[in-house]
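Taking it in order: structure first as structure tokens, then the write-up.
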Amino acid sequence: MTLHSLPVFVKLAGRPVILLGDGEAAAPKRRLLERAGAVIVDEAAEAVLAIVAIDDEAQAVAAVGRLKARGILVNAVDRPALCDFTLPAIVDRDPVLLAIGTGGASAGLAAALRQRLEALLPATLGRLATGLGAARATLRNRFPDMSDRRRAIGEALGAGGALDLLGEQDAGALERWLAVAAPPPARLVTITLTSPDPDELTLRQARLLALADRVFAGDDVPAPILARARADAERLAAPPASSAAVGLTLLLEMAR
């Protein structure tokens, strides 16, 4: 299953971004760019990104054409077919940023998802992220193998884990976990699907998919199920039952 867009986070502090238009469409884009520290410039300036928030259709299309001819990536407000990139709804737990996009299909849906996630994510999430960043060297020394490190962190951050990311963590939680942290053992996990609908995955199945380094699946496993795995996880054909597990793997089987 291909991605319609590749989500990326771009550092704009001190960098020029073209913003064309004014009024209701342009105002929130201006505020967002200013919050990101971008330098807002006019069309004649040099930039690699531009936002076109012009109400008039003909003028907007013409502006997009001029900008794209210069090799500038363009977001055209309310015109997804003209967009090289879209601007997501954002949940901010500094330094954690969650970006929610619908490929331009529905800004209202993205906003509604943001509101739901705002209610779920604790205020301490940013502190946890900062602490994990400061502990990066310690984690690398403790777990030289990247797969071990990923599994250990994933186990700790999971539901009921020592650093459950949806739970309120006190200031010493990370230090206590680091003192005893160990990676869960590598294993091959067999998931038997009872439905092709990804919404019917159990919480355990969804969590294992999100942690897997490799996903072994037969041709009959639906793409929407495989899409629940990490975007960078390997997708491989299901091996024979006697194959040895390497790293955390998942063998997905359809229930008959």
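Taking each residue as 0.36 nm, the span from residue 180 to residue 112 lengthens on full extension beyond its C-alpha to C-alpha distance by 20.5 nm.
Of all DSSP beta bridges confined to segment 1-131, the antiparallel ones make up roughly 35%. Just so you know, the Cα atoms of segment 96-135 work out to an Rg and Dmax of 13.1, 39 Å. Projected over every direction and averaged, the convex hull enclosing the alpha-carbon atoms of segment 72-138 yields 6.1 nm². Which trypsin sites (Lys or Arg not before Pro) from segment 53-157 combine a DSSP loop assignment with at most 16 other Cβ atoms within 10 Å? Of the trypsin sites (Lys or Arg not before Pro), the ones in loops of segment 53-157 whose Cβ has at most 16 other Cβ atoms within 10 Å are 70.
Each of residue 200 and residue 57 was given a label point 7 Å from its Cα along the Cα-to-Cβ line. The distance between the two points is 4.3 nm. Classify segment 1-90: rounded, prolate or oblate, from the alpha-carbon gyration tensor (a ≥ b ≥ c, eigenvalue square roots; a/c under 1.5 rounded; otherwise prolate if a/b is larger than b/c)? Note, shape of segment 1-90 comes out rounded.
Ranked from largest, the principal axis spans of the Cα set of segment 147-195 equal 41, 23, 12 Å. When the inverse distances between all different Cα atoms of the chain are averaged and flipped, the Kirkwood radius reads 21.4 angstrom. Treating each Cα of segment 139-241 as one equal point scatterer and applying the Debye formula with no solvent, the log10 of I(q)/I(0) at q = 0.19 Å⁻¹ comes out as -1.01. Across segment 83-124, the mean sequence separation of Cα contacts (distance under 8 Å, 6 or more residues apart), normalised by length, yields a relative contact order of 34 percent.
Ranking 217, 154, 69 by how far each Cα lies toward the positive end of the dipole of the chain (charges on Cβ) leaves 154 at the top.
Per-residue extension of 0.36 nm, minus the Cα-Cα distance of residue 97 and residue 39, leaves a gain of 18.8 nm for this segment. The residues packed around residue 67, meaning those with a beta-carbon under 15 Å from its beta-carbon, carry a net charge of +1 if Lys and Arg are +1 and Asp and Glu are -1.
Once divided by 2.2 N^0.38 Å, the Cα radius of gyration of segment 53-99 becomes 1.43. Excluding ligands, DNA and RNA, the accessible surface per residue across the chain is 59 Å² with a 1.4 Å probe.
Here the chain exposes an accessible surface that is 56 percent carbon and sulfur, computed with a 1.4 Å probe and the other protein chains kept in place. Remind me, relative contact order of the chain in percent, using alpha carbon pairs under 8 angstrom and six or more residues apart? Value for the chain: 12 percent. Please go through segment 114-196 and write out the GluC sites (Glu not before Pro) that DSSP classes as loop and that have at most 15 other C-beta atoms within 10 Å. Of the GluC sites (Glu not before Pro), the ones in loops of segment 114-196 whose Cβ has at most 15 other Cβ atoms within 10 Å are 168. A Stokes-Einstein calculation at 37 °C with viscosity 0.692 mPa s, built on the Kirkwood radius of segment 10-150 over Cα pairs, returns a diffusion coefficient of 190 µm²/s.
The values are calculated or read from the model by the stated rules, or taken from the named source; none is laboratory data. Here the structure is a predicted model, which is why all the values come from computation and not from measurement. Backbone-built Cβ (ideal geometry, glycine too); neighbour counts: all protein chains shown. Areas reflect the complete protein model, heavy atoms only, side chains present, ligands, DNA and RNA absent. Shrake-Rupley method; radii C 1.70, N 1.55, O 1.52, S 1.80 Å.
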